[in-house]
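What follows is a short report on a single structure.
The values are calculated or read from the model by the stated rules, or taken from the named source; none is laboratory data. Quick caveat, the model's predicted, so the values are computed rather than measured. Here the Cβ positions follow ideal geometry from the backbone for every residue, glycine too, while neighbour counts run over all protein chains shown. These area figures cover heavy atoms from the full protein model, side chains too; ligands, DNA and RNA do not enter into them. Shrake-Rupley method; radii C 1.70, N 1.55, O 1.52, S 1.80 Å.
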Amino acid sequence: MATFFGEVLSVYSRAVEEDEYDDMTNENEEDEQIRREIEEKRSVDVHWLSQTDGGSVPCSDLIIAVGLNATGFISAYVLSSGDWTAVAWVSLWNERSHGSGRPDTAPGPGEPSCVLYQQKHSPSVLICQCSCYVAEDQQFQWTEKVLGCVQTRDLTVTVLSDCSIAEYKTSDYPSESSVPFLRSLRTSTHTGPVASPALEQPNISTGLAAAVLSHCQVQRIAAVLYQCYSDVLQPDSLSMQTYRAAVSAVLKLDPSPSADVLQKITRVSELQSNLYT
């Protein structure tokens, strides 16, 4: 409208402002609902195969294997002895891990998964074999849930991880005869012997293995990470053997691994890497 001075004033309705406010409120509520649904879908949970009292499980040594060679080593050199029992599994869902998100069903044989095993003659020794992909936004939650279900007093955590030699930074490129090789990182509270040289700067560890080590450092848990650098993208027996010295410090390994399991692991990797199959 115009005043007697000829000035033009903007005209607005409070009803319009209220409608816009209601629309924004509805959008915020919808966004919040979608966000809650996504968080719930991407949640990480530990499920026990037998009833527990809800408290932390006694544990003196926890071995966490992440990556193809690390999990392959555990299958061929450790679990094949028959001295281990599956006691729990970790359910999660993300864009690359669909099958492990069934909270009421344990992972099937050969399915990518995270399974916890307990040694029969020494129940305080646990192994977590993680063969499925854990997304970056789930790694912190995964670490808290898995380490939260075991007693951390006097606990030692050993992490086995894979890494491509292309990510290894050095002034002198390693010779073919020195690959694969092992490097280690440990928390300040880990004072025991280490089975490999320390990882040189400026090299770093990333992914789930790094998340576990960082959590242990903050919580003052003795932990050591062994990272295998290999020039082979798929699991192979030579790369798996690099973990032998590290795991032998915790477990008594069978000098002759399961040939059937080893052959199955390498055969599957060869088929997956063949473009013509």
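Do we have Leu116 as part of a strand (DSSP E or B) and crowded, with 16+ Cβ neighbours inside 10 Å here?
Yes; evaluated as a whole, the condition is true for this residue.
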Subset of the range 201-248 (residues that are more than 21 Å from the chain's Cα centre (by Cα) and either open to solvent by less than 70 Å² (accessible area, probe 1.4 Å) or of a type in the set (Gly, Ala, Ser) (or both)):
Ser237, Ala245, Ser248
Where a residue in the range 27-44 is surrounded by 10 or more Cβ atoms within 10 Å (Cβ to Cβ) and its partner, wherever it lies, is hydroxyl-bearing (Ser, Thr, Tyr), with Cβ under 8 Å and at least six apart:
Val44/Ser91
List the number of the failed condition for Val87; all other conditions in (1) under 21 Å from Gln141 (Cα atoms); (2) open to solvent by less than 10 Å² (accessible area, probe 1.4 Å); (3) in contact with a Leu (Cβ under 6 Å, 6 or more places away or on another chain) hold.
(2)
Of everything in the range 199-220, what is assigned to a loop (DSSP other than H, G, I, E, B) and under 18 Å from Ala135 (Cβ atoms)? Give them in sequence order.
Ser205, Thr206
Does the range 135-143 contain at least one residue that is closer than 20 Å to Asp61 by Cα, among the aromatic types (Phe, Trp, Tyr) and touching a residue at least 60 places away in the same chain (Cβ under 8 Å)?
yes
